[in-house]
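Below is one structure, written out as structure tokens, with a few remarks after it.
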Amino acid sequence: MEEKTGLSHQVVLNDRNRGSLTGILDVISFDENTIVLDTDMGMLTIKGKDLHVSRLTLDKGEIDIEGRPDSLVYSSGEGFRKSSQPFFARLFK
């Protein structure tokens, strides 16, 4: 796996309906109630309502989300990862 240098993990939430995150390594899963991200600071689970990924740039480690997040929870475990392949590689098989 290619190591990303210069990435810092940052979460910016605007008006509680738009967010930008950096330091994203992979999108594990997402639906309109939950987004699970692998970040350089551990697994991040975002729960809320009407969640959407509006922009994803994995080569830069950036993601923009829309919706109403209710919680952001970090965990260091690998419990969510079902495969060693990135999410979109599994999606487009």
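See the values below:
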{"quantity": "Distance between modelled label sites at Glu66 and Asn33, nm, 7 Å Cα→Cβ extension", "calculated": "2.2 nm"}
{"quantity": "Long-range amide H partners of Asn33 with built H, under 5 Å", "calculated": "Leu51"}
{"quantity": "Table column - 3J(HN,Hα) (Hz), the range 42-54, Karplus curve with 6.51, -1.76, 1.60, x for Gly and Pro", "calculated": "x, 6, 10, 10, 10, 10, x, 10, 6, 7, 9, 8, 8"}
{"quantity": "nm² value of the averaged projected area, convex hull over the Cα atoms of the range 10-50", "calculated": "2.7 nm²"}
{"quantity": "12 Å cut-off, amide nitrogen to a point 7 angstrom out along Gln10 Cα→Cβ, residues in the range 28-62", "calculated": "62"}
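Read-outs throughout are calculated quantities, based only on the coordinates presented, and are distinct from any laboratory measurement. All of these numbers come straight from a predicted model, not from anything done at the bench. Here the Cβ is made from the backbone with ideal geometry for all residues, glycine too, and neighbour counts use every protein chain on show.
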